[in-house]
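Bear in mind that the values in this text are calculations on the coordinates, not laboratory data. In this text the structure is predicted, and so the values were computed from the model without any measurement. Neighbour counts are summed over all protein chains in view; Cβ atoms, including those assigned to glycine, are modelled from backbone coordinates with ideal geometry.
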Amino acid sequence: MLTNIRNGLNKSNVVLEKIMPLLTPTAIVVGVLNESRLLPFTGLVPWIFAFMTLIGSLKSNLKDLLGVLLKPQKLIVLMIILHIVMPLIGWLVASAVFPEDPYTVTGFVLLFAIPTGVVSVVWVSIYGGNIALTLALILIDTLVSPIVVPGTLYLLMGASVEIQLGEMMKGLLWMVVIPSLVGMLLNQWTKGKVNTVCGPPLSPFVKVGLFMVVSINGASIARYLKHPDSKLAIIIGVTFLTVVLGYVIGALVSRRFRFSYEDSVAVQFNSGMRNLSAGAVLAVKYFPPAVALPVISGMLFQQILAAMSGLFLRNRTKSALTGGAVTQVNTVSQSEQPISSQR
């Protein structure tokens with residue numbers, strides 16, 4: 001009986017991974033169409049995130065995390081992309097497109113100043129990336145966010161920002177840090193058995209959790225989509241292009257430094273993703289609506305872009321493997337030719 005259930009869950013996980021590109025946009029549509037029904041469940045988002053992070057962290061342990069911290073080169077590269085390169089790109093592009101609208105420009109700076117996305121753990125886990133690197137980045141990025149977020153806004157916009165970052169820190173600690181540590185400690189304590197036994201059967205529930213989170217977030221932005229105008233369309237277009245650049249830069253940097261596949265997955269997803277749920281709360285609560293629009297518009301397609309990025313990684317890996325196989329076959333064929341013909 002238990003074996004049948006386990007096999008069924010494993011098969012469900014395979015199916016869910018194949019439809020991931022459709023899963024997230026469908027979730028947004030479901031959220032927008034069911035705004036009144038889903039908004040009451042907003043309070044569940046942190047708990048769903050915590051569950052997803054816990055399951056994802058079962059693959060890692062404290063030794064792996066310490067290894068990342070002892071060799072911080074990739075962490076430094078990611079922090080530079082996240083909090084220097086991308087905020088500058090967001091500021092420059094928004095300043096060029098909206099030169100007379102400082103609030104919208106501030107929104108784009110905030111979009112790229114907030115910490116990396118918590119849900120990146122899920123995507124990195126799905127595509128076999130470096131979980132330890134991802135968790136280390138999330139932990140460090142979360143802890144430095146009270147300095148990085150207002151500091152970035154001050155440097156690029158020339159004004160300090162008074163926001164209750166302590167509350168955001170507290171929420172991220174309960175949603176990310178503690179579940180991550182619990183998952184790693186369980187892995188360490190059981191010597192990896194907890195991941196072998198519980199990881200595969202729980203994987204489909206992570207995808208279901210992702211669907212729920214995106215649906216609820218879709219409901220939270222539904223009111224902004226019911227009365228669109230030309231400016232909103234431009235904001236969404238600029239947001240899409242700048243967020244895409246994050247993934248592209250992550251991929252180019254990975255190739256430039258010849259990172260391994262696992263590290264490349266982590267760098268690419270973490271370069272493109274942001275904790276938009278936390279960013280949307282900050283934007284809506286502490287700024288005028290014009291500041292909130294770029295952050296909220298990013299919620300429309302962050303998961304779609306993550307799914308597309310995952311497909312790109314998978315196709316590139318298949319191409320590399322196919323190319324390697326062809327090269328190997330050609331080499332064998334040449335070696336099997338007569339010596340006289342090789343001369």
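The table below lists the values:
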{"item": "In order through the stretch 249-255: 3J(HN,Hα) via Karplus (6.51 cos²θ - 1.76 cosθ + 1.60), integer Hz, x for Gly, Pro", "result": "4, x, 5, 5, 5, 4, 5"}
{"item": "Residue-by-residue Karplus 3J(HN,Hα) for the stretch 120-137, coefficients 6.51, -1.76, 1.60, Hz, glycine and proline x", "result": "4, 4, 5, 5, 4, 5, 4, 9, x, x, 7, 5, 4, 4, 5, 5, 4, 5"}
{"item": "Among ILE28, ILE221, ILE84, residue whose mean-square fluctuation peaks in a GNM of the chain (springs only between Cα atoms under 10 Å)", "result": "ILE84"}
{"item": "Relative exposure of VAL15, VAL176, VAL109, judged by other C-beta atoms within 10 Å (fewest first)", "result": "VAL15, VAL109, VAL176"}
{"item": "Difference of contour (0.36 nm per residue) and Cα-Cα distance, LYS63 to LEU92", "result": "6.4 nm"}
{"item": "Residue-span extension gain [THR196 to ASN4] - 0.36 nm each, minus C-alpha spacing", "result": "67.4 nm"}
{"item": "Farthest toward positive dipole pole in the stretch 224-278 [+1 Lys/Arg, -1 Asp/Glu at C-beta], among TYR224, PHE257, VAL238", "result": "VAL238"}
{"item": "Proxy reagent accessibility, fewest Cβ within 10 Å first, across HIS83, HIS227", "result": "HIS227, HIS83"}
{"item": "Charge dipole magnitude, Cβ of K and R +1, D and E -1 - the chain, Cα centre, debye nearest 20", "result": "960"}
{"item": "Top of GLN303, GLN188, GLN268 by mean-square fluctuation, Gaussian network on the chain, Cα under 10 Å", "result": "GLN188"}
{"item": "Longest exposed-site-free window of the chain, the sites being GluC sites (Glu not before Pro) in a DSSP loop that have at most 13 other C-beta atoms within 10 Å", "result": "163-335"}
{"item": "ARG223 paired with VAL144, simple spin-label distance in nm, labels 7 Å along Cα-to-beta-carbon", "result": "3.6"}
{"item": "Structure-derived Cα extents along the principal axes in Å - corresponding label in (1) 77, 57, 41; (2) 53, 45, 40; (3) 63, 47, 38", "result": "(1)"}
{"item": "Lysine pair count for the chain [Cα-Cα under 14 Å; pairs on different chains or 8 or more apart]", "result": "6"}
{"item": "Extended-chain gain in nm, criterion 0.36 nm per residue less alpha-carbon gap, ASN34 and TRP189", "result": "51.5 nm"}
{"item": "Translational D in µm²/s for the stretch 33-76 (Stokes-Einstein at 4 °C, 1.567 mPa s, Kirkwood Rh from C-alpha pairs)", "result": "97"}
{"item": "Whole-Hz couplings from phi, Karplus 6.51/-1.76/1.60, listed for the stretch 176-188; x for Gly and Pro", "result": "10, 5, 5, x, 5, 5, 4, x, 5, 5, 4, 5, 5"}
